[in-house]
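Notes follow the structure.
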Amino acid sequence: MAFAHYLVAVPTEPSNLTKAALFSTSSSSAYPPLSFNKNHSDLTFSSTSLKTKAKARKLSIFPRFRRIGQKVKAKATESEVSLAAEAFTNFKHLLLPITDTNPYLSEGTRQAAATAAALAKKYDADITVVVIDERQKESLPEHETQMSSIRWHLAEGGFQEFKLLERMGEGSKPTAIIGEVADDLNLDLVVISMEAIHSKHVDANLLAEFIPCPVLLLPL
């Protein structure tokens, strides 16, 4: 899912050239200074009128540019907020990555499981769990215990049925695997604890590169 950012440049201050044009009535050679004597009262009146018009133009033009600039900026901001709100309210498929090695699940993973279950229940969404480990499943004697723990915690949140994927012993980075699964299944949200980042199982710098949908990072 991509967000489009719109930037519209609208001048809010006059350029030097515009200033010169606006104030040409007082400084340009096209309008030489006029003397204030009784024989040239009509010319004096014309010079004053020109200055008044120039001042009126200055007052009327630039506030209009400022109003236009503020309007465009407000519309762009509303559009961005609308896209972000839609991304976090219209998801129908969540991903819960499991990267820790605790067969009974760490505190962060349990928190992520409970959050994913609550969000999925609220928005009537599906959950996919992906278990990621660099080691082969055969070398993990407590693997089945971990699977039972995952089922138990999701069942506590009201989810007896969910899709389970096992990506083990592949040699790929967990972040890349999460991004690949999210892309293949066209997922709407990834729920993961900051614990996975602190423990170095997931690289925070690669999240933006590999994850094609919003990611909810839960603090410890």
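Residue-wise HN-Hα couplings along the range 183-195, as the Karplus relation 6.51 cos²θ - 1.76 cosθ + 1.60 with θ = phi - 60° gives them from phi, are 6, 5, 8, 6, 6, 9, 7, 10, 10, 8, 8, 5, 4 Hz; Gly and Pro carry x.
Compare the peptides 203-210, 115-122 by average per-residue count of other Cβ atoms within 10 angstrom and give them in order, highest first.
Details: 203-210: 13.2, 115-122: 18.4.
Most protected by this proxy first, the peptides run 115-122, 203-210.
Filter Lys92/Lys173; Lys163/Lys200; Lys92/Lys163 down to the pairs with a C-alpha to C-alpha distance above 21 Å, please. Among Lys92/Lys173; Lys163/Lys200; Lys92/Lys163, the Cα-Cα distance tops 21 Å for Lys92/Lys173; Lys163/Lys200. Most tightly packed first, judged by the mean number of other beta-carbon atoms within 10 Å of their residues, the peptides 98-109, 143-154 read 98-109, 143-154.
A crude spin-label estimate for the pair Arg151 and Ala114, with each label 7 Å from Cα along the Cβ direction, gives 2.2 nm.
The translational diffusion coefficient of the range 77-220, from Stokes-Einstein at 25 °C and 0.890 mPa s with a Kirkwood hydrodynamic radius over alpha carbon pairs, comes to 159 µm²/s. Label-to-label distance for Asn186 and Ser199 is 3.3 nm, based on points extended 7 Å past Cα in the beta-carbon direction.
Charging the Cβ of each Asp and Glu at -1 and of each Lys and Arg at +1, and nothing else, the dipole of the range 96-218 about its Cα centre rounds to 240 debye.
Close amide H contacts of Val202 (hydrogens built in the peptide plane, cut-off under 5 Å, sequence separation of 5 or more or a different chain): Ile197.
None of the figures in this text is laboratory data; all of them are computed from the coordinates on show. As the structure is a computational prediction, the values presented were derived from the model and not from experiment. Positions of Cβ are generated from backbone atoms using ideal geometry, with glycine treated the same way; all protein chains shown enter the neighbour counts.
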